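Notes for the one structure printed next.
Please treat every number below as a calculation from the coordinates, not as lab data. Given the structure is predicted, the values throughout are model-derived calculations rather than measurements. Positions of Cβ are backbone-derived with ideal geometry, glycine not excepted, and every protein chain shown enters the neighbour counts.
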Amino acid sequence: MLYKAYAGKMMTICLRYSKDKMEAEDIFQEGFIRIFQYLHQFKFEGSFEGWLRRIIVNTALKNVSKKRISFAEVNDLDDHSGGLPPYAYSNLGAEDILKLINQLPEGYRIVFNLHIIEGFTHEEIAKILKIQPATSRSQLVKARKMLQNQINVLQKIAV
Amino acid sequence: MTDRSFDKFIKESLNNYAMPVAEGMWDRIQKENNPKVEGAFWWKNYGFISLLGVAAIITASIILLNKNKETSTSKTQETSVTPNLNLQNQSFNSKQYPSISEYNKTVSKPAADNNKTHTKSKVENGLSSNSAAAYNIKGKDYSAEIYTTKKYNKLSITSLTSNLGNSEPDNDISKTPLAAAEGSSSTYKTVLFATARQDINLSEYTTNDQLIKGLKTLNFFCSDGCPSAHEPIKNNLNLEIYVSPDYTRKTINNSAGVDETFLKRKDSTESIRLSFSAGFRLSKTFGNNLLLKTGMQYSQINEKFSYRSENERKQTTLITIRKEILATGDTVMIRDTSMIEQIGYRVKTTFNRYRSIDIPLIASYEWGNDNLKAGVSAGVILNLYSWQKGESLDTSYVPVAFNKDGGRTFKRNIGVGLFTGFSVLKKAGKSTDFFAEPYFRYNVSNITNNRSVFNQKFDVTGLNIGLRYKLNTQRQRYFNR
């Protein structure tokens, strides 16, 4: 069954784009309604999962566009991640990473998701979010640094 | 690790990771995909219901008004007798007036030559039923009591005016353009009043239009709620301003197969507090007792949300910096980091607000005297806009904020509410009444939308306390001169 096979993965996407579980569930529900609505339009030309992902991401982005997201820079980013040993990541599970991503400021999080996980270019992100490509780039750099800092802190606590 | 490898690590970690999905989600999706059949029916459309309600109120009012008019007209036609009010050669002194019984005698034995003089010039008993009217003509007091009973409620205008007109022959109303226009009884009686009071000189007017225009400039028309010597003209437009402390009853039930434990837990975290509403209504009187009211009101339902989260962990990091001088003479800064963890619980309290702007459409039936009145009201309350702010538990038992922009649980429009109330009005001034109105508002639809895992509804009981201002009291102007 389509729902059982993909629901978990799609929920992960929804959680990445939302600030809490309730919002994620709304996106999930709306996304699956769309999926069933447009299922007959799938032409079996590409990956079915990719098609599903695209619909869920689009639904999430539609939800994002309704909100006023601040793409302001967060300046208190002291770089403590330099020279972070590779084993720092070894203890991190997917759920931990998801939590850390959710703690990012909304602007950072969306750009990070779109570029790193969905694979959009900065020009495409700029069009989607109606921002400058340079803003997208800087948001990504800051997001990555912030994420690395958080992992660094976690690793120190674990040690 | 480079940025590239870091990105790769994140992508690979999350790409195929599957999070658990809430129970009942599939049911909710199915529910949205296959809306209930009855949802499509027109009688489920609250807009249609409200329109139907308004149409029913208006139709009932019209029917009631027409019924009243028909009753009075039929009474008039049935008892159309022209009494011979032979007032000539009598001085207008109230002490010498004939009593009702004398009139009855006179009327019961009508003179044979009645038909000669009064045929068309009749006026309805519009001056004042069962009342007395007083006139002051050129400084002299002429009081003429016009007795009317159910039997004889038409007077010969010719006989009246011929008597009154003795002092002012030019004002003989039977010669006016309106003399033949008996169909317009209200205009005709206005002419009679104006002529009797010598506010107008009929000889100056040659056409109906000129006469009506003249009367209008004198603000002299009386179309309904006409005055008598004992009662002033009734105003028919009021403004009501009110405020109400409200007690709200909340009902929650399951809508998408969600765990009942969740609903119980949610219910235990929320408690209703005293709410309130305030607004204004314009009311228009139809007939003697019926009022139609509409306006705008603001309602706010208050709720306290208290959530106790167990096993709260608070971590404090302590960094101690100390200097150490090595044997080589170098000074080294040493940082010692230690961590303290406290475990306890945390109580979070939020005051939730459910706000709405509504339009009441209410019909009232009132009775009583000028000093004290009582009334019953019923109608609909149409919601214009609703917005909510606060916090509630989500299905994972975590407090989640809902607000005007991000709240997806609640509707922006909660539809129609049914209103019923009982009111008591006490005169508080010349044109002001104080009123108290206990009421009950039943909301037809839920405050939550279809996506929500639970249905939530509010019913409100309150006590409207306010003032009613009579707006068009200037209609009494010409009786106070």
Kirkwood hydrodynamic radius (C-alpha pairs) into Stokes-Einstein, region B:245-311, 25 °C and 0.890 mPa s, D in µm²/s:
155 µm²/s
Excluding B:Pro360 itself, what net charge comes from residues whose Cβ is under 15 Å from its Cβ, given Lys and Arg +1 and Asp and Glu -1?
+1
Residues with amide H under 5 Å of B:Phe276's amide H, sequence separation 5 or more or different chain, H placed in the peptide plane at 1.01 Å from N; which?
B:Asp246, B:Gln300, B:Asn302
Exposure-ranked with fewest Cβ neighbours within 10 Å first, B:Arg249, B:Arg451 stand as B:Arg249, B:Arg451
State which entries of B:Lys250/B:Lys389; A:Lys145/B:Lys348; A:Lys19/A:Lys99; A:Lys19/A:Lys142; A:Lys9/A:Lys99; B:Lys304/B:Lys457 exceed 21 angstrom in Cα-Cα distance in the structure shown.
A:Lys145/B:Lys348
Residue order, fewest to most surrounding Cβ atoms within 10 angstrom, among A:Ile125, A:Ile131:
A:Ile131, A:Ile125
Residues B:Lys250, B:Lys8, A:Lys43, sorted so that the one with the fewest Cβ neighbours within 10 Å comes first
A:Lys43, B:Lys8, B:Lys250
State the dimensionless ratio Rg/Rh of region A:86-158 (Rg: radius of gyration of Cα atoms; Rh: Kirkwood radius).
1.03
Collect residues whose amide H, placed 1.01 Å from N in the peptide plane, falls under 5 Å from the amide H of B:Met19; neighbours closer than 5 in sequence don't count.
A:Lys9, A:Met11, A:Thr12
Which distance in nm do the two modelled labels at A:Leu2 and B:Asp370 give, with both placed 7 Å along the Cα-to-Cβ direction?
7.6 nm
